[in-house]
Amino acid sequence: MSKDNRIENSDSFGNYLIHGIDEIILPADISWWPSTIGWKIVALLIFIFVAYRLFKFSQFWWKNRYRREAIRQINEQQASVHNLSNMVEKLPFYLKATALQAYPRDQVAQLSGSAWIDFLNLKTGTEHFGPKESSQLLILSYQAKEQWQLTDEQSLTLINLTKSWIKNHV
């Protein structure tokens with residue numbers, strides 16, 4: 001057999017031009033974890049800030065669960081009742097129950113009439129319940145259902161104002 005027909009068994013089989021060249025060894029991957037103390041301190045401060053914000057959010061969420069529950073009950077009641085007058089007659093109850101959860105009992109329990117409406121408006125910082133809605137709310141609170149007549153539009157306005165007060169009172 002001639003020398004030309006002989007196959008050399010080596011690592012560079014098939015390519016005689018790279019015979020004897022060593023493979024390049026790549027350096028280790030760069031770590032994503034910071035190697036200096038400054039970046040570790042920054043990461044720790046970011047972690048503390050995020051943990052603090054999560055803690056404050058959880059406190060806010062927990063303190064406002066009574067609002068979510070009142071809104072949920074109003075929405076369920078509104079969805080299940082076909083006659084809005086049946087729903088509207090419960091609005092004073094939801095307002096009083098929410099106020100009793102948010103404020104001390106001695107400030108809220110004895111309020112009635114225009115003092116009650118003034119209290120509700122004071123806690124939103126604006127005249128949330130206008131004169132017309134205030135008189136309708138008082139009629140709902142103190143008169144029999146047969147004595148008050150509200151249109152569906154007026155009923156929806158009172159429902160929306162009640163939800164808004166529950167969401168926005170301070």
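Yes or no, residue by residue, for (1) modelled with pLDDT of 90 or more; (2) loosely packed, with under 11 Cβ neighbours inside 10 Å; (3) in contact with a Leu (Cβ under 7 Å, 6 or more places away or on another chain):
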| site | (1), (2), (3) |
| --- | --- |
| 24 | no, yes, no |
| 28 | no, yes, no |
| 33 | no, yes, no |
| 44 | yes, yes, no |
| 50 | yes, yes, no |
| 66 | yes, no, no |
| 75 | yes, no, no |
| 80 | no, yes, no |
| 86 | no, no, no |
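Return the residue satisfying two criteria in turn: it lies in segment 93-107 and is in a helix (DSSP H, G or I) and aromatic (Phe, Trp, Tyr), and of such residues it is surrounded by the fewest Cβ atoms within 10 Å (Cβ to Cβ).
At the first step, the residues of segment 93-107 found to be in a helix (DSSP H, G or I) are 93-102, 105-107.
Among the residues that remain, those that are also aromatic (Phe, Trp, Tyr) are: 93-94.
Details: 93: 13, 94: 19.
Applying the filter and picking the extreme gives 93.
Could you please give the count of residues in segment 154-170 that are of a type outside the set (S, T, N, Q), open to solvent by 60 Å² or more (accessible area, probe 1.4 Å) and modelled with pLDDT of 90 or more? Please lay out each step first, then the result.
Taking segment 154-170 and keeping what is of a type outside the set (S, T, N, Q), we get 156, 158-159, 161, 163, 165-167, 169-170.
Keeping just the survivors that are open to solvent by 60 Å² or more (accessible area, probe 1.4 Å) gives 156, 167, 170.
Next, only the ones that are modelled with pLDDT of 90 or more stay: 156, 167.
Within segment 154-170, residues that are of a type outside the set (S, T, N, Q), open to solvent by 60 Å² or more (accessible area, probe 1.4 Å) and modelled with pLDDT of 90 or more number 2.
Suppose we filter 100, 120, 137 for residues that are closer than 15 Å to residue 166 by Cβ and touching a Pro at 6+ places or on another chain (Cβ under 7 Å); which single one remains?
Being closer than 15 Å to residue 166 by Cβ and touching a Pro at 6+ places or on another chain (Cβ under 7 Å) holds for just one of 100, 120, 137, which is 137.
Being at pLDDT 90 or above, closer than 15 Å to residue 163 by Cα, of a type in the set (Gly, Ala, Ser) and part of a helix (DSSP H, G or I) is the requirement here; does residue 115 meet it?
On the way: at pLDDT 90 or above: yes; closer than 15 Å to residue 163 by Cα: no; of a type in the set (Gly, Ala, Ser): yes; part of a helix (DSSP H, G or I): yes.
It is false that residue 115 is at pLDDT 90 or above, closer than 15 Å to residue 163 by Cα, of a type in the set (Gly, Ala, Ser) and part of a helix (DSSP H, G or I).
Would you call residue 150 assigned to a helix (DSSP H, G or I) and among the aliphatic types (A, V, I, L, M)?
Working: assigned to a helix (DSSP H, G or I): no; among the aliphatic types (A, V, I, L, M): yes.
It is false that residue 150 is assigned to a helix (DSSP H, G or I) and among the aliphatic types (A, V, I, L, M).
Search segment 43-68 for residues being of a type in the set (Ser, Thr, Tyr) and free of Cβ contacts under 8 Å to residues at least 24 places away in the same chain, and hand back the single one that is farthest from residue 98 (Cα to Cα). Can you show your working first?
First, the residues of segment 43-68 that are of a type in the set (Ser, Thr, Tyr): 52, 58, 66.
Now restrict to residues that are free of Cβ contacts under 8 Å to residues at least 24 places away in the same chain: 52, 58.
Values: 52: 29, 58: 20 Å.
So the residue we want is 52.
Go through segment 134-153 residue by residue and tally those that are within 33 Å of the chain's Cα centre (by Cα) and open to solvent by less than 50 Å² (accessible area, probe 1.4 Å). Steps first, answer last, please.
The initial filter retains those residues of segment 134-153 that are within 33 Å of the chain's Cα centre (by Cα), namely 134, 136-138, 140-141, 152-153.
Subsequent filtering for residues that are open to solvent by less than 50 Å² (accessible area, probe 1.4 Å) retains 134, 136-138, 140-141.
Final tally of qualifying residues: 6.
The values are calculated or read from the model by the stated rules, or taken from the named source; none is laboratory data. Values in this document were obtained by computation on a predicted structure and should not be read as measured data. When we count neighbours, we look across all protein chains shown, and the Cβ atoms used for this are built from the backbone with ideal geometry, even at glycine. We work out accessible area using only protein heavy atoms, side chains counted, and drop any ligands, DNA or RNA first. Shrake-Rupley method; radii C 1.70, N 1.55, O 1.52, S 1.80 Å.
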